[in-house]
Amino acid sequence: MATQHSRAAARLMISPAVILLALWMIVPLALTLYFSTLRYNLLMPGANPFVGLENYEYFFTDPAFTAALVNTLLLVGGVLIITVVGGTLLALLLDQPMWGQGIVRLLVIAPFFVMPTVSALVWKNMFMNPVNGLFAHIARFLGMQPFDFLAVAPLISIIVIVAWQWLPFATLILLTAMQSLDSEQLEAAEMDGASAFSRFFYIIVPHLSRAATVVILIQTIFLLSIFAEILVTTNGGPGVASTNLTYLVYIQSLLQFDVGLGSAGGVVAVILANIVAIFLMRMIGKNLDA
């Protein structure tokens with residue numbers, strides 16, 4: 001049984017790590033909050049007067065803000081739908097006995113280990129290029145005009161690229177959950193006359209709900225900060241058609257050199273991410289308690 005002295009010693013030993021972790025998080029956030037209250041543009045060096053919430057007002061009234069917010073939600077929602085539905089179907093397929101099962105699983109998981117910048121370049125130059133891309137060659141072979149994906153449908157193209165990267169992660173988590181399903185339960189349902197669709201929707205899907213919730217939580221946290229794929233493929237355009245909140249903060253901070261406005265955007269993005277995280281954590285808690 002832990003005594004008062006042992007508990008005090010434990011607190012004393014762990015306190016340096018806690019203090020370091022707190023400083024690591026608090027100092028950058030405090031500096032961002034401080035800069036967001038200044039009129040601080042690198043193109044106008046000199047005095048950086050305190051302007052209060054003026055930068056936040058400019059950020060919220062920027063015409064690009066609404067488009068960036070909508071694009072962020074569409075990007076996160078689109079990738080989640082593709083990865084959860086596709087991951088479930090792939091997990092079902094990979095759970096079946098087949099020849100070369102280990103190699104097939106390794107190939108399915110491989111895209112997750114490709115760096116975002118590399119995967120964006122591969123999709124941009126080898127698949128979606130309207131002149132030399134694979135899709136252009138297929139379109140010409142079928143007698144059709146090549147489709148310029150990144151110019152005509154930039155946001156959908158980025159959703160496809162990001163979903164290609166995250167689909168293996170969802171598949172891996174859902175496959176692990178599926179392998180914990182009792183096969184006797186499925187066999188009993190089959191002997192009772194349940195169809196394949198009934199077994200899938202009434203046994204497999206409820207069994208995968210917890211794993212799917214974890215996939216949604218983890219992916220949402222990372223998808224809110226998607227940046228490399230946008231920078232490499234579309235630069236947020238045409239116009240702001242593929243600009244999300246992260247890329248909007250980058251434009252204001254590093255392309256317009258407005259540190260104050262960019263910091264205000266960063267604070268807004270952090271608040272939105274925390275709201276989403278709280279909502280998802282509550283959803284996970286309800287699923288785990290069920």
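Structure summary
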read-out: Pair list, Cβ < 6 Å and 6+ apart or interchain, from the range 208-227 residues that are more than 21 Å from Met115 (Cβ to Cβ) and free of Cβ contacts under 8 Å to residues at least 60 places away in the same chain to residues that are open to solvent by 10 Å² or more (accessible area, probe 1.4 Å) and part of a helix (DSSP H, G or I); value: Ala211/Ile173; Ala211/Ala177
read-out: Only listed residue being surrounded by 12 or more Cβ atoms within 10 Å (Cβ to Cβ) and either in a helix (DSSP H, G or I) or free of Cβ contacts under 8 Å to residues at least 24 places away in the same chain (or both), chosen from Leu23, Leu92, Leu31, Leu12; value: Leu92
read-out: Elements of type helices (runs of 4 or more DSSP H) in the range 175-290, at least 3 residues being β-branched (Val, Ile, Thr) and out of contact with any strand residue (DSSP E or B) (no Cβ under 7 Å at 6 or more places or on another chain); value: 205-223, 228-233, 259-289
read-out: Condition check for Gly236: surrounded by 14 or more Cβ atoms within 10 Å (Cβ to Cβ), on the phi > 0 side of the Ramachandran plot and of a type outside the set (D, E, K, R); value: yes
read-out: Residues (acidic (Asp, Glu), under 13 Å from Gly265 (Cβ atoms) and open to solvent by less than 90 Å² (accessible area, probe 1.4 Å)) located in the range 36-65; value: Asp62
read-out: Filtered residues of the range 178-195 (kept if of a type in the set (A, V, I, L, M, F, W, C) and either surrounded by 11 or more Cβ atoms within 10 Å (Cβ to Cβ) or touching a Leu at 6+ places or on another chain (Cβ under 8 Å) (or both)); value: Met178, Leu181, Leu186, Ala188, Ala189, Ala194
read-out: Scan of the range 239-253 for residues that are under 19 Å from Asn48 (Cα atoms) and either open to solvent by less than 10 Å² (accessible area, probe 1.4 Å) or more than 23 Å from the chain's Cα centre (by Cα) (or both), ordered by number; value: Gln252
read-out: Qualifying residue in the range 255-271 (condition: within 14 Å of Asn71 (Cα to Cα) and at pLDDT 85 or above); value: yes
read-out: Among residues of the range 95-129, those that are assigned to a helix (DSSP H, G or I), open to solvent by 30 Å² or more (accessible area, probe 1.4 Å) and not aromatic (Phe, Trp, Tyr), counted; value: 18
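The values are calculated or read from the model by the stated rules, or taken from the named source; none is laboratory data. Source: prediction; values computed, not measured. Counting neighbours? That spans all protein chains shown, and the Cβs are built from the backbone with ideal geometry, glycine included. Quick note on the areas: whole protein, heavy atoms, side chains included, nothing else; ligands and nucleic acids left out. Shrake-Rupley method; radii C 1.70, N 1.55, O 1.52, S 1.80 Å.
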